[in-house]
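Worksheet: the structure to be examined is printed underneath.
The values are calculated or read from the model by the stated rules, or taken from the named source; none is laboratory data. The structure presented is a predicted model; accordingly, all values stated were derived computationally and were not measured. Neighbour counts run over all protein chains shown; Cβ positions are idealised from the backbone, glycine included. Heavy atoms of the whole protein, side chains included, go into the accessibility calculation; ligands, DNA and RNA do not. Shrake-Rupley method; radii C 1.70, N 1.55, O 1.52, S 1.80 Å.
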Amino acid sequence: MGRLETADKQSLHLVENEIQASIDQIFSHLERLEILSSKEPPNKRQNAKLRVDQLKYDVQHLQTALRNFQHRRYAREQQERQREELLSRTFTTNDSDTTIPMDESLQFNSSLQKIHHGMDDLIGGGHSILEGLRAQRLTLKGTQKKILDIANMLGLSNTVMRLIEKRAFQDKYFMIGGMLLTCVVMFLVVQYLT
C-alpha cells in the first residue's frame, strides 16, 4: 500500500493489480486455512479459528483501503479532466435559446382582456335593453289604460278586453323566456370562450 501512494500514474494500475492479486491469493489461502483449522484437535481448534478470522478481518481492511484509494484516484482524475475541459472551453455569447417563452402568455392575457371588455359590452348592452323594456312597459301600460278608457267609451265587449289582457299576459311570458334564453347564451359564450 505504501508503493501505491508513491507510484507514478503509468505504474499505478500495475501496482493496484498486483495488490488486488495478492489480496485474492490471501483470501484463497485463508479459505484453505479455515478448512485446515476445522481439522485441528478440539482444544486448538478455537484458537486457530480465531486467528483465521483475525486474518480475514485484516485482509478485508486492506481490500477496503484499496477500494478507497481507487475511489479517491478516480475522483481526482475526474476533477482533473473537468478542470482541463473547463480551461480548454471557449466561451461565447448566449444563444437565442436563452429567451423566455412569454409570447403564449401575452397572447393569453390579451385574449382574456378582450373577453373581459366583450363581457362588459354585453352586460352594458343587456342593461340598456332592460331599461328599454322598462320604458316600453310603462308606455304600453299607459296605452292600455287609454285603450280601456276608449273601449269603455265605445262599449267594446268584455270578451275582447279579456283577449287583450290574455295576450298581454302571454307576451309577458315570451319576454321572460327571451331574457332567460339570452342569459343562457351569454353564459355559454363565456364558458366556451375562456
Enumeration of residues in segment 128-187 that are small (Gly, Ala, Ser) and in a helix (DSSP H, G or I): SER128, GLY132, ALA135, GLY142, ALA151, ALA168, GLY177, GLY178
All positions within segment 44-82 that are closer than 26 Å to GLN10 by Cβ, among the hydrophobic types (A, V, I, L, M, F, W, C) and in contact with an Asp or Glu (Cβ under 9 Å, 6 or more places away or on another chain): LEU66, PHE69
Residue in segment 54-65 that is in a helix (DSSP H, G or I), exposed (fewer than 13 other Cβ atoms within 10 Å of the Cβ) and among the small types (Gly, Ala, Ser) present: no
Scope segment 4-28; condition touching a helix residue (DSSP H, G or I) at 6+ places or on another chain (Cβ under 7 Å), modelled with pLDDT under 75 and within 12 Å of LEU66 (Cα to Cα); matching residues: LEU4
Hits in segment 32-50 (condition: part of a helix (DSSP H, G or I) and surrounded by 12 or more Cβ atoms within 10 Å (Cβ to Cβ)): LEU33, GLU34, SER37, ARG45, ALA48, LYS49
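Can you say whether GLN20 is open to solvent by less than 70 Å² (accessible area, probe 1.4 Å) and either closer than 17 Å to LEU55 by Cβ or polar (S, T, N, Q) (or both), as far as the supplied structure shows?
yes
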Residue in segment 111-121 that is open to solvent by 80 Å² or more (accessible area, probe 1.4 Å), under 24 Å from VAL189 (Cβ atoms), of a type in the set (A, V, I, L, M) and out of contact with any helix residue (DSSP H, G or I) (no Cβ under 8 Å at 6 or more places or on another chain) present: no
